[in-house]
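Each reported figure results from applying straightforward, stated rules to the coordinates on display, with no laboratory input. Keep in mind the model is a prediction, meaning the values are calculated, not measured. Reconstructed Cβ throughout: ideal geometry from the backbone, glycine too, with neighbour counts over all protein chains shown.
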Amino acid sequence: MSSGVLDRSGQPKSMKRAQRWTGEVEDLYRFQQAGYRDELEYRQIKQTEIDRWPDTGFVKKLQRRDNTFYYYNRKRECDDREVHKVKVYAY
């Protein structure tokens, strides 16, 4: 995520659904599975570094809001039939 200019609340201006799989959609899928909007919201709430797979760059592990963890594979986990469920936010 870029550190562009955000409003003070950090709330998104708009949302659209993903149309096709990309690396960004894969990461959003993982954050949303763990109960967060995206990487920005995760960093605001957890204030911790994000573990990523060194070869693919995908998220490796996320802490859910109930403090349990989700562990992800290094390969794609968001199937084509799940792509349309991923929300892509614009700030």
query: Under a point-charge model restricted to the Cβ atoms of Lys and Arg (+1) and Asp and Glu (-1), what is the dipole moment magnitude of the chain relative to its Cα centre, in debye to the nearest 20?
result: 180
- request: Rounded to whole Å and sorted largest first, list the principal axis extents of the Cα atoms in the chain.
  value: 35, 30, 25
- request: Pairs of lysines 8 or more apart, or on different chains, with alpha carbons under 20 Å: count those in the chain, would you?
  value: 11
task: Would you mind telling me the antiparallel percentage of the DSSP bridges in the chain, rounded to 5?
output: 100
message: For the pair ILE45/PHE69, report the inter-label distance in nm, with labels modelled 7 Å from Cα in the Cβ direction.
response: 1.8
